[in-house]
1. Can you work out which of the residues in segment 66-117 that are of a type in the set (Lys, Arg) and in contact with a strand residue (DSSP E or B) (Cβ under 9 Å, 6 or more places away or on another chain) is surrounded by the most Cβ atoms within 10 Å (Cβ to Cβ)?
2. Being in contact with a Ser or Thr (Cβ under 9 Å, 6 or more places away or on another chain) and either within 25 Å of Ser25 (Cα to Cα) or not charged (D, E, K, R) (or both): is that true of Leu89 here?
3. Counting just the residues of segment 152-184 that are charged (D, E, K, R) and in contact with a strand residue (DSSP E or B) (Cβ under 8 Å, 6 or more places away or on another chain), which one comes out surrounded by the fewest Cβ atoms within 10 Å (Cβ to Cβ)?
4. For a quick check of your reading of the model, give me the residue pairs whose first member lies in segment 289-315 and is not assigned by TED's automatic domain parsing to the domain that holds Gly335, whose second is of a type outside the set (Phe, Trp, Tyr), with beta-carbon atoms closer than 9 Å and at least 6 apart or on different chains.
5. For segment 28-142, which helices (runs of 4 or more DSSP H) that fit wholly inside it have 2 or more residues that are among the hydroxyl-bearing types (Ser, Thr, Tyr)?
6. Name the one entry in Asp115, Asp92 that is of a type in the set (Asp, Glu), in contact (Cβ under 8 Å) with a residue 40 or more places away in the chain, assigned by TED's automatic domain parsing to the domain that holds Glu50 and over 27 Å from Gly201 (Cα atoms).
7. Please go through segment 397-422 and give me each residue that is surrounded by fewer than 19 Cβ atoms within 10 Å (Cβ to Cβ) and over 20 Å from Ala475 (Cα atoms), ordered by number.
Amino acid sequence: MKIVTGSQMADIDKHTIEEIGIPGSVLMENAARAFCRTFVEHSSLTPDSEVMILCGSGNNGGDGLCIARILAGWGYKVHPLLVGRVQSLKSDALLNFNILKKTGPEPIIIQEEPDLNIIPSVLSGCEWVVDALFGTGLTRPIVGIGAKVLKLINEGKTRVAAVDIPSGINSDNGQILGDAAEAELTVTFGLPKWGHFLFPGAGYRGKLVVADIGFPVSMLGDESIKGNLTELDFVNRILPRRQLNAHKGSCGNLAVIAGCRHYLGAAVLTGKSALKMGTGYITLFLPNFLEPVVKGLVPEIVSNGLPDMEGGFITTQASSIALRHVNTKDALAIGPGLSIVPTTRDFIIDVLEDVTVPSVVDADGLNALSGLDNFRRNTEIPWVMTPHPGEAARLLNVPNEKVLDDVRGAAEALAEKFKAVIVLKGAHTLIVNPDGKTFVNPTGNPGMAVMGMGDTLTGIIASLLARKIPAFEAAVAGTYIHGLAGDIACSEKGEDGLTPTDLTEKIPEAVKLVKSGSAREKFFTCR
């Protein structure tokens, strides 16, 4: 499913009306009825239920006026409020205002500050507020009467259902424009918008439902739209299948370079997650000091010690040895727990400049690249970089806040700068290809916010690379499986205390669910 900006959705709307010939009033009616069906199902309204319909003066408000008429016609008691001047209504919104005046209930007009006094009294009798105040075209902070109305709604603690997007959310980047409605349910039309998935706005939308209102299917799937939501069927098509005559050599040969004396666990987690993902043969390269220890921790994985300095840190002298082995493998994972001591940093750079197999770079592999002006590599060799926002900021040499304010822009900038597939980790991880194509991952949960989860993701993606899956597809599918395994573990153990080991043990089950197509029903949520 595609994800769009506000302007992209407006273009689809305009083309549908002007070129296809579906009147805007028909689309508005379709949108209102789709919202009402979903809202009634979700809210469990009774005939005695009262609902406030909060309408602005734009098209989003027109949807709200139409919703008020439909819900009233279905027997519910609705209180439509128009925030703004009637003279500001245009086209289809004005049409629905005039219809509602004739059919009832007549909208209450809120255009001056004294008019606000009616809101608390109406709100006190309502179970729900339908938020149709501002839509996806909002780009400036809400001020004046609109801001005061939103404040009253949020203070009232009445349950909110948003039309298209909660008022106050920038539909392109998820930023809060002054204040925002805190919705329990959002029904959006045609396609989801970026603001539904990018934080902080994503935290305001509640359950997201995407409703079909009659836009041409060809436009909704237009490949010129670079944004995508990762879906189960897409991941299912990517995942490799074992042949009847499979052997360990045909299921991927992966090198993992990870670990130092302080972070041996990172190496173990990376290797074990790759193993659980189905890799046929894994060699873990780590400091000589630690190599005997790891043999007892992961007996299924081959270990190979590399020259290290006293204390268990890989040295620059290990570069040629590592490359001689790594370049005979199918893929490389490098970075987790290696440390940033100067000699190890130089080793990482040497390996990344001369490696000839697809690679996943994480953690200290990324830290080694920060601030480099003369890094060189063969751009024909695909690679995946998996930064969290702090690492992304260092790689771009910008403050953390700049990344957090525009995570999509940051991920795109990294993909362009390094000519790499970028997996910018976080709630709703973004996966960006150098050509700009972007996927948003819907799986995962807050329980995964714990050290070591990134190491397991590195191993999963590297496993897919080792099994000949192209880098971008491996990153998209691997991130989905990682989050789904976390969701399965969370469903059994809860969010608090969830560990990377819990997740790793659920990787085979996550893969099985995707391949059977049953993950959608059992675990998939658009949260």
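1. If we filter segment 66-117 for residues that are of a type in the set (Lys, Arg), which is where we start, we get 69, 77, 85, 90, 101-102.
Okay, now just the ones that are also in contact with a strand residue (DSSP E or B) (Cβ under 9 Å, 6 or more places away or on another chain), so 69, 77, 85.
Values: Arg69: 23, Lys77: 15, Arg85: 11.
Here the residue is Arg69.
2. Values: in contact with a Ser or Thr (Cβ under 9 Å, 6 or more places away or on another chain): yes; either within 25 Å of Ser25 (Cα to Cα) or not charged (D, E, K, R) (or both): yes.
Judged against the criteria, Leu89 is a match.
3. Pass one, segment 152-184, residues charged (D, E, K, R): 155, 157, 159, 164, 172, 179, 182, 184.
Imposing the further condition that a residue be in contact with a strand residue (DSSP E or B) (Cβ under 8 Å, 6 or more places away or on another chain) reduces the set to 159, 164, 172, 182, 184.
Numbers: Arg159: 17, Asp164: 28, Asp172: 21, Glu182: 19, Glu184: 14.
Top of the filtered list is Glu184.
4. Note: no pairs meet the criteria.
5. Working: elements: 59-73, 91-103, 118-124.
Answer list for segment 28-142: 91-103, 118-124.
6. Details: Asp115 fails: in contact (Cβ under 8 Å) with a residue 40 or more places away in the chain.
When all the criteria are applied, what remains is Asp92.
7. The answer is Asn397, Val398, Pro399, Asn400, Glu401, Lys402, Leu404, Asp405, Asp406.
Results for (1) over 25 Å from Asp172 (Cα atoms); (2) at pLDDT 95 or above; (3) of a type in the set (A, V, I, L, M, F, W, C), shown as yes or no for each residue.
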{"position": "Ile349", "(1), (2), (3)": "yes, yes, yes"}
{"position": "Val357", "(1), (2), (3)": "yes, yes, yes"}
{"position": "Asp364", "(1), (2), (3)": "yes, yes, no"}
{"position": "Ala368", "(1), (2), (3)": "yes, yes, yes"}
{"position": "Asn374", "(1), (2), (3)": "yes, no, no"}
{"position": "Pro399", "(1), (2), (3)": "no, yes, no"}
{"position": "Asp405", "(1), (2), (3)": "no, no, no"}
{"position": "Ala411", "(1), (2), (3)": "no, yes, yes"}
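The values are calculated or read from the model by the stated rules, or taken from the named source; none is laboratory data. Please read all numbers here as calculations on a predicted model, not as lab measurements. Backbone-built Cβ (ideal geometry, glycine too); neighbour counts: all protein chains shown.
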